[in-house]
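See below for the structure under consideration.
The values are calculated or read from the model by the stated rules, or taken from the named source; none is laboratory data. All values reported here derive from a predicted model rather than from experimental measurement. Because the Cβ atoms are built from the backbone with ideal geometry, glycine has one as well, and the counts that use them run over all protein chains shown.
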Amino acid sequence: MAESTASDAITEDTSNKRPQFGNRTLGEDDNVFQHNAWDNVVWDKEQEKVAQHKVEENSTVLASEEEIAKYESEADKYWDKFYGIHQNRFFKDRHWLFTEFPELAPNDVKQDKCRPIRVLPESQSDDVVQENSLESIKSSHRIFEIGCGVGNTVFPLLLYNNDPDLFVYCCDFSPLAIDILRQSKEYDENRCKAFVLDATQEDWNPPFEENSLDIIIIIFVLSSINPDKMKHVVKQIHRYLKPGGLVLFRDYGRYDLAQLRFKKGRCLAENFYVRGDGTRVYFFTQDDIRDLFIGCGFSEVQNLVDRRLQVNRGRQLQMYRVWVQCKYRKLP
């Protein structure tokens with residue numbers, strides 16, 4: 001992505017409002033505390049400069065080599081501990097899922113839920129096609145989610161998509177997360193198979209063949225992986241996706257509030273940090289994702305920055321969130 005600029009703000013058809021987030025655009029005369037959230041927030045140069053300074057500041061002191069090695073080798077233990085503490089009480093269904101990714105909705109409602117993108121981000125080439133027609137994916141019956149956690153995406157997908165031919169595969173790094181998912185009353189073995197998989201390992205042994213999946217979902221997952229291993233994961237995604245199959249991606253964007261809040265000593269590498277619980281997170285640019293997928297044989301369908309201003313009206317706080325949302329198609 002080009003560095004975070006006002007031109008990256010998402011512009012969308014106001015007749016296609018997002019039911020979960022709404023379509024609230026903050027104007028000069030609006031009271032910022034009128035709503036809990038504002039969409040498509042434009043950053044000025046001063047705000048961007050402040051964000052860059054904070055990132056430079058919290059990256060000056062890196063974690064020790066011993067700590068970096070520990071967080072890498074014991075990553076599974078930290079995620080098991082995370083799920084052990086939160087269980088499924090921490091999580092809520094992703095109600096925005098079908099609005100942002102209408103490809104996952106049942107065929108009879110996909111066209112109604114599709115939210116067309118009318119303006120390309122500045123850094124995106126003019127020859128990239130933003131797909132509004134979903135005709136080519138109406139036969140998407142085999143879906144695989146990498147990093148499923150305890151089922152935030154899987155269960156809404158199984159609940160709302162009643163396609164009798166739909167089958168969902170899902171995996172997670174954490175054995176405990178998979179145990180929690182399998183024990184849920186919503187888990188249906190006739191329509192879903194959950195299994196443990198470290199996506200960074202050299203060879204996968206999944207319960208499906210190469211070139212067999214219609215859609216692969218990877219939401220807030222790639223950011224938790226060592227940047228040196230991300231390319232291998234994308235290559236494996238390419239290996240198991242059908243020619244013409246689609247990748248749906250959403251993750252943390254550069255200068256997100258979470259990145260700006262890190263203290264010195266929590267940085268493991270450039271834009272890669274460790275949280276207090278030992279889990280790790282990377283903050284992407286559009287170009288980071290573009291280079292990864294284009295370099296592994298994908299064509300770009302969508303690559304945008306989603307900026308949102310969340311408001312705590314009680315404490316009079318303004319919190320700027322930044323996410324990157326992308327879609328890539330495996331070339332025939």
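At a glance:
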quantity	calculated
Any hit, the range 237-249, residues being farther than 26 Å from residue 206 by Cα, surrounded by fewer than 20 Cβ atoms within 10 Å (Cβ to Cβ) and touching an Asp or Glu at 6+ places or on another chain (Cβ under 9 Å)	no
Failed item, numbered, when residue 141 is tested on (1) over 30 Å from residue 200 (Cβ atoms); (2) modelled with pLDDT of 65 or more; (3) surrounded by fewer than 17 Cβ atoms within 10 Å (Cβ to Cβ)	(1)
Selection from the range 168-180 of residues that are surrounded by fewer than 18 Cβ atoms within 10 Å (Cβ to Cβ) and either more than 15 Å from residue 192 (Cα to Cα) or of a type in the set (A, V, I, L, M, F, W, C) (or both)	175
2 or more residues in contact (Cβ under 8 Å) with a residue 40 or more places away in the chain and within 22 Å of residue 323 (Cβ to Cβ): qualifying strands (runs of 3 or more DSSP E) within the range 131-234	142-146, 213-219
Some residue of the range 262-271 being modelled with pLDDT of 95 or more and either buried (at least 22 other Cβ atoms within 10 Å of the Cβ) or closer than 19 Å to residue 104 by Cβ (or both)	no
Every residue from the range 95-121 that is assigned to a loop (DSSP other than H, G, I, E, B), surrounded by fewer than 19 Cβ atoms within 10 Å (Cβ to Cβ) and at pLDDT 55 or above	95, 96, 106, 107, 108
Residues satisfying the stated conditions in the range 276-314, i.e. within 28 Å of residue 77 (Cα to Cα), among the charged types (D, E, K, R) and surrounded by fewer than 16 Cβ atoms within 10 Å (Cβ to Cβ)	277
